[in-house]
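Single-structure report; data block below.
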Amino acid sequence: MKAEIIKKLERIPGKISFLYEDLKTGEGFAYHEQEPMMAASVIKLFVMAAAFEKSKKGTFQMDKLFPVKREDCVPSCGALTYLHDGILVTGLDLVTLMIIFSDNTATNILIDILGIEEINDTIRELGFRHTILQRKMYDVEKSSRGIQNYITAYETGRLLKMIYGGTLIDRQSSEAMLSILKNQQLCSKIPFYLQALAESPEIAHKTGEDTGITHDVGIVYGKEPFLVCFCGNETDTPAFERVMAEVSLELYNQVN
């Protein structure tokens, strides 16, 4: 199966990286997993980690109400942009919307509250060396100058494994983050075939999309839960997303 999956990944154009690990046995394999990739919305996982880290320190309040002003709103994913000016949402609402709807407005408000440098400090403190936040979502000006956010499949997988193991920030924070990820509403990649199964396994995951970019990273539950990260840059996004769905089903059937 490993050889067949690698062949499928090799046939996809562009920059492709992949990571798989059986979370019960620790066995797995990878493909270009250390390759830096433009992050798209997967960087929001690390913003979430910073929010929980600052919540534990008492410098960010999950229950505090924050206004969403019209000037905060940006296009594309999410709900807040389409709601009334000045709506009040809690810090936890912002984190939840950022993850389950990939809400760009919620993300940018959180980045303003937490601070880009402070988020990067948390990323480095957690031991990640190739993940970096350099701009907010939908910052067309910085993007046009080549200023991007970066992840790797390897470090994203490590973050997810820490959440799964209860060691990201602390067990309570990890469990809260895992619960949010299980409520993901964007389910056309890893879950595409899995959600149609009779047992409909739980999937805790986060997607990312932009022009020529498509990712999905997460934990698939079953008799043996496993971690899988698909990352693609400069690629044929529909073709790669079909492979994500197919490979996720193949891996699930193999371990279950």
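Every number in this text was worked out from the coordinates using simple rules, so none of it is lab data. Because the structure is predicted, anything quoted here is derived from the model rather than measured. Positions of Cβ are generated from backbone atoms using ideal geometry, with glycine treated the same way; all protein chains shown enter the neighbour counts.
What does the convex hull of the Cα atoms of the chain come to per residue, in Å³, rounded to a whole number?
Spelled out: Cα convex hull of the chain, divided by residues, is 119 Å³.
Set the Förster distance to 25 Å, then compute FRET efficiency between residue 198 and residue 170 from the Cβ-Cβ distance, nearest 0.05.
For R0 = 25 Å, the calculated efficiency reads 0.10.
For the chain, what does the helix formula give at 222 nm: sum of -39500 (n - 2.57) over DSSP H segments with n ≥ 4, over the residue count, nearest 500 deg cm²/dmol?
The helix-only estimate for the chain comes to -12500 deg cm²/dmol at 222 nm.
Within the chain, what's the longest run with no trypsin sites (Lys or Arg not before Pro) in a DSSP loop and at most 16 other beta-carbon atoms within 10 Å? Give the range, please.
Answer from the scan: 146-222.
Report, by chain and number, residues whose modeled amide H sits under 5 Å from the one on residue 23, excluding near sequence neighbours (fewer than 5 apart, same chain).
Here the answer is 226, 227, since their amide H atoms fall under 5 Å of that of residue 23.
Which of the residue pairs 56/189; 24/189; 15/223 have a Cα-Cα distance greater than 29 Å in the structure shown?
Check vs 29 Å cut-off fails for 56/189; 15/223.
Would you kindly compute the Cα radius of gyration of the range 132-210 and its largest Cα-Cα separation (Dmax), both in Å?
15.5, 48
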